Amino acid sequence: MGEVVDLVIDPLRGDRISIELPVSFRSSLEDARRQIGLADWVDLGDPLVARGVALVAAARRAQPEIHLALLGGAAHRFCSLSSNRTDLGLRRTLHDLDVACLHKELPEVRAFLATVHEREGSGLRFFETAGDRTINSLGEGRRLRLHMVLGEHDGEIALGSIDLLADEFRFCHRFDLKADVREAPARQGTLSPALLLLAKLQFIQRIPGSDRGKVAERVLAPFGRHDVVIGPEAKDVLDVLALLLDHPVAETPDGISPARLSAIVAADWGLWHTASLNIEMVRRSALLRELPPGPRGQISSRLDSLGTILSSAAPRRRFGFLGGQWWEEVDNLPAVDGTVSVGAAAATTPK
């Protein structure tokens, strides 16, 4: 038994939601784990992993079933033991929940996310802030952001966000997600290892050369006369390392498919070039060097395999990139504060 309270999400805009606290799930997380075939080593104690498990299981119970597939950090926790372990240094803090769906099901998915808490508990209560509404109106029907309450600690209520992608991954580079979303039930609710890897290796950003010392580990190459391009953050490199440690580069059920990687990058010179640069960045990263010899050697061998695959798949370069740029600029989405307050004037009603 909890109590329903009003939470002030954005005092300036007057955003409030009502939610049962403490947040809870009406279905057992262990039952949800078994329903989606998730390994026992996946840590359900993490609030975002717990929501990912509960959400995927609830989507499969929905009538009709909703097709969802996790990507990002939570997906790596689902499929990589090393992302859950605390002794290797490859586990990292999760900040949000990334989910892919089918565009043709987007109306059903939105309705599902708006009402799933009524059946599954306040742990799956999703809501749209004023800032989310602005962002979602610009998403061309392909991207949707919502927020959720993760829990309460010492009087502070922590928020998290969920980022929903429909049909395609569209950031610095683009690729199709539809087949992976349809096949997610066979992979415990995630994208394939090949696409999880590409989602990390597609990141690239241009910065002034004078700033290169601040992010020396991430520098990929000079760009133009005064700038450099940089690769992914440390948190994403950790995900790449864990994925490569736990999944062979091979055509196996749990493998990173060489054929899939080759087909995707061979059709897009920009993606191929960015991924190639980022593989080299991962190869020389301090995070890899700091691993024990066994894991370090395993990952290095698989990086060599990836390099060979990309070299063999190199497409012909297409000219015409504005200013020589071969990627799309990505705007960081502003988020609401990480904590919220209970409305002082709001009635608190036992449930």
Residue identified as without any contact (Cβ under 8 Å) to a residue 12 or more places away in the chain and either polar (S, T, N, Q) or crowded, with 23+ Cβ neighbours inside 10 Å (or both) among SER24, SER18, SER28:
SER28
Positions within region 62-72 being in contact (Cβ under 8 Å) with a residue 12 or more places away in the chain and not in a strand (DSSP E or B), in sequence order
ALA62, PRO64, ILE66, HIS67, GLY72
When both residues are 6+ apart or on different chains and their Cβ atoms are under 6 Å apart, which pairs have a first residue that lies in region 128-139 and is closer than 13 Å to ASP10 by Cα, and a second that is charged (D, E, K, R) and crowded, with 17+ Cβ neighbours inside 10 Å?
THR129/ASP15; ALA130/ASP15; ASP132/ARG145
Would you check if there is a residue in region 109-120 being within 22 Å of VAL42 (Cα to Cα) and assigned to a loop (DSSP other than H, G, I, E, B)?
no
Could you list all residues from region 218-239 that are in a helix (DSSP H, G or I) and charged (D, E, K, R)?
ARG218, LYS235, ASP236, ASP239
Do you know which of the residues in region 166-187 that are surrounded by 21 or more Cβ atoms within 10 Å (Cβ to Cβ) and among the aliphatic types (A, V, I, L, M) is nearest to ARG142 (Cα to Cα)?
ALA166
Could you count how many residues in region 31-53 are free of Cβ contacts under 8 Å to residues at least 60 places away in the same chain, crowded, with 17+ Cβ neighbours inside 10 Å and in a loop (DSSP other than H, G, I, E, B)?
3
When the residues of region 96-108 are narrowed to those that are of a type outside the set (A, V, I, L, M, F, W, C) and in a helix (DSSP H, G or I), which ends up surrounded by the most Cβ atoms within 10 Å (Cβ to Cβ)?
GLU105
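Yes/no per residue for (1) among the hydrophobic types (A, V, I, L, M, F, W, C); (2) surrounded by fewer than 21 Cβ atoms within 10 Å (Cβ to Cβ); (3) in the same structural domain as LEU21 (by TED's automatic domain parsing); (4) in contact with a Gly (Cβ under 7 Å, 6 or more places away or on another chain):
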| site | (1), (2), (3), (4) |
| --- | --- |
| GLY139 | no, yes, yes, no |
| GLY160 | no, yes, yes, no |
| LEU164 | yes, no, yes, no |
| LEU197 | yes, no, no, no |
| LYS200 | no, no, no, no |
Of the residues in region 223-253, how many are modelled with pLDDT under 95 and either under 19 Å from the mean Cα position of the chain (by Cα) or among the polar types (S, T, N, Q) (or both)?
0
Mind checking whether some residue in region 136-150 is in a helix (DSSP H, G or I) and at pLDDT below 95?
yes
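The values are calculated or read from the model by the stated rules, or taken from the named source; none is laboratory data. Being a predicted model, the structure only gives us computed values, none of them experimental. A quick note on method: Cβ atoms are made from the backbone with ideal geometry, for glycine too, and the neighbour counts reach across all protein chains shown.
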